[in-house]
Amino acid sequence: MPRKVSLFVPCFVDQLQPEVAVDTVRVLRRIGCEVNFPQDQTCCGQPGFNTGYWNEARPCAERFLRVFKDAETIVCPSGSCTTMVRNFYPELLASSSSHDEAIALGQRTFELSEFLVKVAGVTDVGATFPHTVTYHASCHGLRELKLRDEPLQLLRSVKGLKLVDLPAPL
């Protein structure tokens, strides 16, 4: 039976690189997931939260909770937005009646590489890329989500890809 996932597309992906969302759906379907895209989703509120505009960020968080309320699993191709939902919604909504719901929803929200490796148990998604690349860990993925090896496991499985280490990785 396929795993049901709800895709959360960050606003920067939606506006600047929508092909990331399309490719995310393609990969999730390739590994047997049934993908749902809630049409009412918007920004997670991270820009406001990070700049101290918590009152303006709260409605974004509350909307996210409503939109993804019934999602079994939420997958997001962004460590920053996943961090916002999982780690900072409980802080942002600490005095709200939605606090416990924010914690529970955060536990069902995963960054894409984290979902693939840790939840779905997949490191080979059938990708081919005959080029030389290096990998720089995202700050939120590394520091907030503790994703160190998951992206590298996926990259090491890409056919034709030559992975070159950074001179001084974190």
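The values are calculated or read from the model by the stated rules, or taken from the named source; none is laboratory data. Keep in mind that what you see is a predicted model, and the values were worked out from it rather than measured. Note: ideal-geometry Cβ built from the backbone for every residue, glycine included; neighbour counts use all protein chains shown. Ligands, DNA and RNA are excluded from the accessible area calculation, which covers all protein heavy atoms including side chains. Shrake-Rupley method; radii C 1.70, N 1.55, O 1.52, S 1.80 Å.
Below is a table of values for the structure above.
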{"item": "Scan of the stretch 75-108 for residues that are without any contact (Cβ under 8 Å) to a residue 24 or more places away in the chain, assigned to a loop (DSSP other than H, G, I, E, B) and either touching a His at 6+ places or on another chain (Cβ under 8 Å) or surrounded by 22 or more Cβ atoms within 10 Å (Cβ to Cβ) (or both), ordered by number", "result": "none"}
{"item": "Residue, modelled with the lowest pLDDT, within the stretch 147-168, restricted to residues that are open to solvent by 90 Å² or more (accessible area, probe 1.4 Å) and either in contact with an Asp or Glu (Cβ under 9 Å, 6 or more places away or on another chain) or over 18 Å from residue 109 (Cα atoms) (or both)", "result": "167"}
{"item": "Residue list for the stretch 1-36, filter: among the aromatic types (Phe, Trp, Tyr) and open to solvent by less than 90 Å² (accessible area, probe 1.4 Å)", "result": "8"}
{"item": "Residue pairs meeting the criteria (Cβ under 6 Å; at least 6 apart or on separate chains; first at pLDDT 95 or above, in the stretch 56-69; second part of a helix (DSSP H, G or I) and open to solvent by 10 Å² or more (accessible area, probe 1.4 Å))", "result": "56/48; 57/48; 57/49; 65/101"}
{"item": "Subset of the stretch 109-146 that is aliphatic (A, V, I, L, M) and closer than 17 Å to residue 79 by Cβ - its residue that is surrounded by the fewest Cβ atoms within 10 Å (Cβ to Cβ)", "result": "119"}
